[in-house]
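All remarks here apply to the structure that follows.
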Amino acid sequence: MIRRHFFLIAAAAFLGLMLAGGALKLATMKPEGKGGPGGGGARAAAVSQAVVSLHPFADSIDVLGVAKGRESVTITSNTSELVTAVRFSDGQQVVRGQVLVELKAGEEDAGLIEAQARLAQAERDYDRWKSLADQGIAPKATAEQFRSALDTARAGVEAARARKLDRVIRAPFSGVVGLTDVAPGALISPGAPIVTLDDLTMVRVDFQAPDRYVPVLAEGSPIAARADAWPAEVFRGRIARLDSRIDTATRAIMARAEFPNPGRRIKPGMLMRVSIAHGARQGLAVPEAAVQFEGDQAFVFVITPRANGFSARKQAVQTGATEGGLVEITTGVRAGDRVVADGLNRIQDGQAVKVAGRPAGAPTRKAG
């Protein structure tokens, strides 16, 4: 019994010594990441840096517009009739005056033949009575009556030809036709669309700009635009026309720009992001990845020297334009400041950092 109690007491003493040693170790150990001023510690976050420097920025008006062909129309018929022939293929380039669709014209053909026959008879009658009037055999008034009948017959022929032409639909200008479902045998109604026709050698882009920009808008001024389908390409054109009025509801002026369209890459209806430059300036800038946004407030992490290396200090800034992957900084930093270039979600205010390519204790040289 005594031996059993002895072992229990010894085990309890050994366990107490282990607990006391662990508590002492925890009390004397430095918390990770908080071993120095400003939150620095043995583990410094590795970061890349960017230098705040001057870059050129262009002031511009950025608006949205919709592309249209220089000339665009939807071909329709002005009469109800059956289609007898379709003289084009989908997507074909056609020229002005080219026949696109022919409609049934049996009645019109007969009417033209009848009108031509009346004209021939009126010509013979007039020639005969004019000859008699010139000889004094018939009164001149009778000859004039037959002259009027001749003019009426000629007008009848022109009317018959016009009715026949209504059965032939031609291209009003040169361009590219779209897709159609019209085929021979189809019944066309007045105003029903047959096919679209667009002149794509030049495209127009109509857009609205706030009236405060009227002083910087001028006909003939250069303009640039981008399309989502060609994000890496800038299309360059000019302002062709400005509207004569300001929209009283939107306080904006309508403008029309024209762009050359080699290869027909810009399609009518395509959304275009229009940019109109109106001045250039120099401004402090950093890469877009170096700026962190929290709501409406922007921040950068400025790399500052400390006793044993560097730390990242969170600095509120005001941003301006964004261009070419750079963000303009209007207030909050100075030229020559060095900021954390990326990975801002891993950095906290005052955290120790290790700048890539610099020894741990190397000072940061600051531009004056």
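Laboratory data are not the source of any read-out in this text; all were calculated from the coordinates shown. Everything quoted here is computed from the prediction, not taken from an experiment. Methodologically, a virtual Cβ is constructed for each residue, glycine included, from the backbone with ideal geometry; neighbour enumeration extends over all protein chains shown.
Some points to look at:
- Virtual spin-label span in nm between V99 and R43, 7 Å along Cα→Cβ: 8.4
- Fully extending the segment from R264 to E144 would add 37.2 nm, taking 0.36 nm per residue of separation and subtracting the current Cα-Cα distance.
- DSSP-defined antiparallel bridges as percent of all bridges, region 71-193, nearest 5: 90
- Region 251-307 - Rg (one decimal) and Dmax (whole number), Cα, Å: 20.7, 64
- Cα-based Rg and Dmax for region 71-193, where Dmax is the largest Cα-Cα distance (Å): 21.2, 67
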